[in-house]
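Undergrad: Below is one structure. I have some questions about it.
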Amino acid sequence: MKKKVMIMTLCALLLGGGVTYAAATNYYANLLARQQGQMEDIIEKKYNERINEIGEQVHHDMVMLASTERDRILKEAEEYLKTKLDAEQQARMNEHSKAIKAESERILKELKAKIDELVAE
């Protein structure tokens, strides 16, 4: 009988230990499961923070690119304008130079004629 009681006691202890282990396992699994919503909130918050950072970075980079392109366009346009105006200046100078030379040749011709007249008298 002692043997039987001892075996029954051992079985009860093993069975009780298994139930306690299972209950403990369920407790921690449930504890983790209850935190799922909190973990999802954390992930969503991190996602939104990063999306906002990306948006700000993209905005900053695009503003810098637009500013750089604006500067490049202005520089090239100013160089083109200078080239065109330099050509215009040269064309005007050539035109005026021709007129001055033609007028100086006419005046010189008339002065020579006047000199010839004066010498012939």
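Rule-based calculations on the coordinates, nothing more; no lab input. Values in this document were obtained by computation on a predicted structure and should not be read as measured data. A quick note on method: Cβ atoms are made from the backbone with ideal geometry, for glycine too, and the neighbour counts reach across all protein chains shown.
Undergrad: Calculate, for Y80 and N48, the FRET efficiency according to 1/(1 + (r/R0)^6) with r their C-beta to C-beta distance and R0 35 Å; round to the nearest 0.05.
TA: Working: r = 47 Å, r/R0 = 1.35.
It comes to 0.15.
Undergrad: List, in order, the whole-Hz ³J(HN,Hα) value for each residue of region 60-74 obtained from phi through the Karplus relation with A = 6.51, B = -1.76, C = 1.60 and θ = phi - 60°; use x for Gly and Pro.
TA: In residue order, the calculated couplings are 4, 5, 6, 5, 5, 5, 4, 5, 5, 5, 4, 4, 5, 4, 4 Hz.
Undergrad: Using 0.36 nm per residue of separation minus the Cα-Cα distance, give me the extension gain between I115 and I73 in nm, one decimal. Numbers along the way, then the final one.
TA: On the way: separation 42, 0.36 × 42 = 15.12 nm, distance 6.15 nm.
Separation in residues times 0.36 nm, less the Cα-Cα distance, equals 9.0 nm.
Undergrad: Turning to a different aspect of this structure: Work out, step by step, the length gained on full extension between N30 and D61: first 0.36 nm times the residue separation, then minus their alpha carbon distance; give nm to one decimal.
TA: Numbers: separation 31, 0.36 × 31 = 11.16 nm, distance 4.66 nm.
The span from N30 to D61 would gain 6.5 nm if fully extended.
Undergrad: Whole-Hz ³J(HN,Hα) for each residue in region 42-50, computed from phi via Karplus 6.51 cos²θ - 1.76 cosθ + 1.60 with θ = phi - 60°, x for glycine and proline: what do you get?
TA: 4, 4, 5, 5, 4, 4, 4, 4, 5
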